[in-house]
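Nothing in this text is a laboratory measurement; each read-out follows from the coordinates by a stated rule. Keep in mind that this is a model prediction, so the values were computed, not measured. Don't worry about glycine lacking a Cβ; one is built from the backbone with ideal geometry, like all the others, and counts go over all protein chains shown.
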Amino acid sequence: MLRLALPKGSLEEQTLALLEAADLPLRRGSSRDYHGRIADARIERVSLLRPQEIPRFVEDDFFDLGVTGRDWVVETGVNVVELASLDYARSGTGQGVKIVLAVAVDHPANRAAELEPGSRISTEYPSLTQAYFERLGRPMRVFPSYGATEAKVPGIVDAIVDVTETGSTLRAHGLKVIETLLESEVLLIAGPAAARDPARRVAMEEIATILVGALRAQGRVLLKLNVGEADLARVLGVLPAMKAPTVSPLAAGGGYAVETVVEKRVVNTLIPSLRSHGATDILELPIRKIIP
């Protein structure tokens, strides 16, 4: 039913890992294949493309669904439907990226507005960059870049607009960030025509729910424990939860069963604390999906 476009390149590994976690694994003949299949009746065809191409192909109805960055949706100026924000980037869950303006570390400008009109800027985002400086009322000479953008400062251009997660690569090349033009995240997008079709829209929403549920489960575990009535308040006092722990009386009486979802990174210190506050029979269980 649905034709799905996935990003090739820096987002590929994390995207495929998310599909695996969501029980929608992509099957290909080899990692170099550009087409594959997902064993789900809602997904008819899957192709891997450069993320900058995906928004236009989705808008033009070559694909019903696509995974790409907000930066490329803004750069291409397409009309698409945003179904979900997928909170991951190249380095892992929760690591969004920024589109930034950077200059040589000894450049006098410390803000975009301080850059001299007519300055030369190299970027893979010429439309986004041009629009940003037009809003500032400062005309610039914008040159499309086809790679190694940071290498062009200062000998070829005065500044660059580039994508970064931490800024470490820019700093390593003697650059400083002076402005953030856009904060970007990975999006699940749909074409307008596909989104208007009732059957396809239902399938899209179901896929979005599954993907977001798998993302929400990453880095979290389910804790289950028993506690006597006298210690219940003390245990609840140190027990984190997404909303509130679930507390149920034990069938035999004399205590309670408690369960909650917690960040996995705190478990190794949390479990000893729970035990010292009176918890017993503590179980740590993996979670595949959390559906809000």
- line: Ile121 neighbourhood, Cβ < 13 Å, K/R = +1, D/E = -1, net charge -3
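Tell me the mean residue ellipticity at 222 nm calculated for the chain from its helices only (DSSP H runs of n ≥ 4, each -39500 (n - 2.57), averaged over every residue, nearest 500).
Result for the chain, helices only: -8000 deg cm²/dmol.
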- line: For segment 97-183, shape from the Cα gyration tensor axes a ≥ b ≥ c, cut at a/c of 1.5 then a/b versus b/c, turns out rounded
field: Simple spin-label estimate for Asn268 and Ser127 in nanometres, 7 Å along Cα-Cβ
entry: 4.7
task: Could you tell me which of rounded, prolate or oblate describes segment 220-286, using a ≥ b ≥ c as the square roots of the eigenvalues of the alpha-carbon gyration tensor, with rounded for a/c under 1.5 and, failing that, prolate when a/b is larger than b/c and oblate otherwise?
output: prolate
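Determine, for Met1, Met204, Met140, Met242, the number of other Cβ atoms within 10 Å of each Cβ, and report the residues in order from fewest to most.
Exposure proxy ranking, most exposed first: Met242, Met1, Met140, Met204.
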message: Filter Lys98/Lys243; Lys98/Lys224; Lys8/Lys243; Lys8/Lys98; Lys224/Lys289; Lys176/Lys289 down to the pairs with a C-alpha to C-alpha distance above 29 Å, please.
response: Lys98/Lys243; Lys98/Lys224; Lys8/Lys243; Lys176/Lys289
- prompt: Ranked by Cβ crowding within 10 angstrom, fewest neighbours first, how are Val81, Val142 ordered?
  reply: Val81, Val142
For segment 87-162 and segment 218-292, distance of Cα centres in Å: 48
task: Would you mind checking which residues have amide H under 5 Å from Ser145's amide H? H placed 1.01 Å from N; only 5 or more apart, or other chain.
output: Thr123, Glu124, Tyr125
- prompt: Is the shape of the chain best called rounded, prolate or oblate, per the rule: a/c under 1.5 gives rounded, else a/b larger than b/c gives prolate, else oblate, with a ≥ b ≥ c the square roots of the Cα gyration tensor eigenvalues?
  reply: oblate
statement: Computed over segment 36-127, the relative contact order (Cα-Cα under 8 Å, seq sep at least six) in percent reads 17
message: What distance in nm separates the two pseudo spin-label positions at Ala41 and Tyr146, each 7 Å out from Cα along the beta-carbon direction?
response: 4.7
